[in-house]
Each structure stands twice: as C-alpha cells, then as structure tokens.
Amino acid sequence: MSVKIAPSILASDFANLQSEIEMLNASEADYIHVDIMDGVFVPNISFGIPVTEAVNRHSKKPLDVHLMIVNPDQYLEAFHKAGAEIISVHYEACDHLHRTLQAIRNLGCKTGVALNPHTSVSLLEDVIQDIDLVCLMSVNPGFGGQKFIENTYSKVRQLKALIERKGTSTMIEIDGGVNENNAPLLIAAGADVLVAGNFVFSSNDPIETIKRLKSLKN
C-alpha cells in the first residue's frame, strides 16, 4: 500500500480557505489534517469547531482532527458533529486515555493518540489495541514550520515493533517537518500517514507536491 498524505491546513491561506480545500479535493491527498490548538496545551491558538465545520462543508476528503488541547473529552462530540472522521487526542492531555478512546469510538470516529517528542511509545503498550492511528510528533507541537527531530525514525521503528507484536492494524502518522528528504526514510521505518503543511502549501504546485509524496517508496 502507498503512504497516505494528510496536508495540514494550518499552513494554508486562511483568507482563501475554501479555494485551498477545493485544491486539496482535486489532489491525491487522503485526508485533510486539522490542527486544533487552545493556547494552553500548546503555546498557540489556531481555530476551533466553526472553522472545522466550514472545512467539512467543502471537503471531499476525510477530516483528520488533531486536538492539541487540554480536557479533550468535553469537545469530542462537538468535533464529531463538525465532521471529524479521525479524532486524535494527546496522551499527555488525557488522565483516562482508555475511557477517552472508548468515547471516540462510540461516536463512530476512528481513534487517534498523539505523542509529543519526549513521550515514549512504550506507554501505549496497554491501549494499542484500541488505537486506529498513532500520531508521532516529529516537532514540538504548537507551531508550523519547525525543524524535523531526527529521533523520530527510532520512535517509528519502536512503535512498528509494538504494533506487530500486539497484532493490531494501527496506522503510524508523522506530524512535523515532513519533506521529500525525510519522507522515504519515515516510510522505510514504518510510517503509514505523512502530515505535510508548509512543504505542500508553500510549494509552487501543491497538487504536484502531494502527488510526489504519494508516489514515494522506501
């Protein structure tokens, strides 16, 4: 199977968001990645439920919603209603992760767990069977355009080994600093989904850039 591409609209032109979504609809992107930041869990504020609803109205792609927020449980239903098909919560923000994952699944969404760069994948040992997607942060969350953290390759391999040992179908997503140089190495390590923000939206031809990422082999 080819790698899945999830362009992050955090890097899009907010003043022309509808046209950016329509461009992604015409591309080979698999998901649209929606970064929700609250200014508390991460040192930045992005957008929330109304913008997610607006994106969903125009999108023909599934919405991959990444909640970089405290107390995510109280917003799960709202983001489901706003159009999220995948909801990822941060391990670091959840006191009762298993309960949160069950709540996401009960809404009919795919379950996601995001890990900050300092968080060990071994902490997912007892819940990996309940996770559809693990989002490994390859930068510190909160801002776009950061430099890729090289230790990510090792974490991908560790996570892949855990998934294989537990016999689950959990996908591995990489979020932060993805480009054509590191993407093949990430795929070789076991990545299934690549989030690409600035690399896509700052390119001269975003549709062609997505196509090139989609065609990469390890």
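The values are calculated or read from the model by the stated rules, or taken from the named source; none is laboratory data. Small disclaimer: the values here were computed from a predicted structure and weren't measured. Here the Cβ is made from the backbone with ideal geometry for all residues, glycine too, and neighbour counts use every protein chain on show. To get the accessible areas, we keep the full protein, side chains included, count just its heavy atoms, and leave off ligands, DNA and RNA. Shrake-Rupley method; radii C 1.70, N 1.55, O 1.52, S 1.80 Å.
Using the structure shown, decide if His98 is out of contact with any strand residue (DSSP E or B) (no Cβ under 8 Å at 6 or more places or on another chain) and over 26 Å from Val178 (Cα atoms).
The answer is yes for His98.
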Taking the range 175-198 and keeping residues assigned to a helix (DSSP H, G or I) and open to solvent by less than 30 Å² (accessible area, probe 1.4 Å) leaves Ala183, Leu186, Ile187, Ala189
Filter result (in a helix (DSSP H, G or I) and closer than 19 Å to Asn179 by Cα) within the range 3-21 | Ile9, Leu10, Ala11
For the range 3-20, name all the residues that are over 17 Å from the mean Cα position of the chain (by Cα) and either surrounded by fewer than 14 Cβ atoms within 10 Å (Cβ to Cβ) or among the polar types (S, T, N, Q) (or both).
-> Asp13, Phe14, Ala15, Asn16, Gln18, Ser19
Taking the condition touching a residue at least 24 places away in the same chain (Cβ under 8 Å) and farther than 15 Å from Ile36 by Cβ, does Tyr75 pass?
-> no
Keeping to the range 196-206, report how many residues are farther than 14 Å from Ile32 by Cβ and in contact (Cβ under 8 Å) with a residue 24 or more places away in the chain.
-> 2
Of the candidates Met23, Met37, the one satisfying the condition of being under 26 Å from Ile172 (Cβ atoms) and surrounded by 15 or more Cβ atoms within 10 Å (Cβ to Cβ) is Met37
Can you find a residue in the range 22-30 that is part of a strand (DSSP E or B) and aliphatic (A, V, I, L, M)?
-> no
Ile172: passes all of (1) β-branched (Val, Ile, Thr); (2) part of a helix (DSSP H, G or I); (3) open to solvent by less than 40 Å² (accessible area, probe 1.4 Å) but (2)
Please give the number of the condition Ile163 fails out of (1) more than 23 Å from Phe41 (Cα to Cα); (2) of a type outside the set (Lys, Arg); (3) within 14 Å of the chain's Cα centre (by Cα).
-> (3)
Going through the range 133-157 in order, the residues found to be surrounded by fewer than 17 Cβ atoms within 10 Å (Cβ to Cβ) and assigned to a helix (DSSP H, G or I) are Ser154, Arg157
The condition of being free of Cβ contacts under 8 Å to residues at least 40 places away in the same chain and hydroxyl-bearing (Ser, Thr, Tyr) holds, among Ser27, Ser59, only for Ser59
Residue count, the range 101-120, condition closer than 21 Å to Gly142 by Cβ and without any contact (Cβ under 8 Å) to a residue 60 or more places away in the chain, comes to 7
